[in-house]
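The values are calculated or read from the model by the stated rules, or taken from the named source; none is laboratory data. As the structure is a computational prediction, the values presented were derived from the model and not from experiment. Positions of Cβ are generated from backbone atoms using ideal geometry, with glycine treated the same way; all protein chains shown enter the neighbour counts.
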Amino acid sequence: MHIMAAGSLRGALTAILTRYSGNKIPPVTCDFGPAGLLRQKIESGVKCDLFLSADRTHPEALLRNKTAFSVEPFIANYLGITTTIELSEQYPDWQQLLRAPDLIIGTSTPVDDPCGDYVVQFYSELSKADPELAENIRNRTRHLVGGKNSPVIPAGQMASQWLIHSHQAEVFIGYRHYQKKTSELPGLATIAIPEADNIKAIYCMALMSPIAQTFADYLLQTESQQIFMENGFVSLS
């Protein structure tokens, strides 16, 4: 069985696959990457039995073109902000930080990576309350990772860590589940976006082969859901 999965699932999915062992499933191989780019691979004919996306858009596109026969949500996430310790002390609130006029904000690449799409949604919500602020933030935003032409993040580093330490951005908006790990890295701090102001990212799976059904069902069971939660994800409800 071959799985293609959003890169943000790497830690949790690896733990789940380790737990789900024995003779229940054939040997599993797994590719991780931005969901939009993985979908392009699937549409080009690369073998995939189960596609785990960070959004609903890409799985449903595969369902519409009959590459997939079933789509179902399985876990959720939120956005979070990473910056330097110094900036977090200067601007302890997320709104204060994003309002800081000269700071470059890094994000993932929309369309290629759902995380970038969720940031676009986040900015759209901000614009309803303060259009001028939202436009200012957009002008300071750079799509630096997760795209087909993005540079490769150095091995062993997280996107936010690399971008901030290499001075490509002072702020990074990414997935919240990374924040526990990020906050333990030298020189970095995380700032929460309250859920009332945040965007809930709904992760969906697309089944391309019946061979993946048993494992797809297992992802929805309590044992797997608990592993997702331990890795910083949140329940669909």
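Taking the conditions exactly as written (modelled with pLDDT of 95 or more, over 18 Å from SER160 (Cα atoms), part of a helix (DSSP H, G or I) and polar (S, T, N, Q)), does SER124 satisfy them or not? Reasoning before the result, please.
Numbers: modelled with pLDDT of 95 or more: yes; over 18 Å from SER160 (Cα atoms): yes; part of a helix (DSSP H, G or I): yes; polar (S, T, N, Q): yes.
Yes.
Just one of the listed residues (ALA169, ALA196, ALA155, ALA212) is farther than 24 Å from LEU37 by Cβ and among the hydrophobic types (A, V, I, L, M, F, W, C), namely ALA196.
Close contacts from region 74-98, counting a first residue that is farther than 17 Å from ILE173 by Cβ and a second that is of a type outside the set (Lys, Arg) and assigned to a helix (DSSP H, G or I), with Cβ to Cβ under 6 Å and a gap of 6+ residues or different chains, come to PHE74/LEU219; ILE75/PHE228.
Taking the options LYS66, LYS41, name whichever one is farther than 25 Å from ILE227 by Cβ, basic (Lys, Arg) and not in a helix (DSSP H, G or I). Walk me through how you get there before you give the answer.
Numbers: LYS41 fails: not in a helix (DSSP H, G or I).
Every option except LYS66 fails the conditions.
Checking each residue of region 116-128 against the condition of being aliphatic (A, V, I, L, M) and within 20 Å of PRO151 (Cβ to Cβ) gives at least one match. Filtering region 43-73 to residues that are aliphatic (A, V, I, L, M) and over 18 Å from GLN213 (Cα atoms) leaves VAL46, ALA54, ALA61.
Of all the criteria given as (1) in contact with a helix residue (DSSP H, G or I) (Cβ under 6 Å, 6 or more places away or on another chain); (2) modelled with pLDDT under 95, the one not satisfied by ASN77 is (2). Among the residues making up region 75-91, those that are part of a strand (DSSP E or B), buried (at least 20 other Cβ atoms within 10 Å of the Cβ) and not aliphatic (A, V, I, L, M) are ASN77, GLY80, THR82, THR83. Scan region 24-74 for residues that are among the small types (Gly, Ala, Ser), surrounded by fewer than 17 Cβ atoms within 10 Å (Cβ to Cβ) and over 26 Å from ASN149 (Cα atoms) and jot them down. Result: SER70, single match.
Please state which one of THR57, THR82 is at pLDDT 95 or above and under 23 Å from LEU188 (Cα atoms). Write out each step before concluding.
Numbers: THR57 fails: under 23 Å from LEU188 (Cα atoms).
Being at pLDDT 95 or above and under 23 Å from LEU188 (Cα atoms) holds for just one of THR57, THR82, which is THR82.
Summed over region 92-121, residues that are surrounded by fewer than 20 Cβ atoms within 10 Å (Cβ to Cβ) and either among the basic types (Lys, Arg) or within 17 Å of the chain's Cα centre (by Cα) (or both) total 5. Answer yes or no: is there a residue in region 181-195 that is of a type in the set (Val, Ile, Thr) and over 19 Å from the mean Cα position of the chain (by Cα). No; the residues of region 181-195 include none that is of a type in the set (Val, Ile, Thr) and over 19 Å from the mean Cα position of the chain (by Cα).
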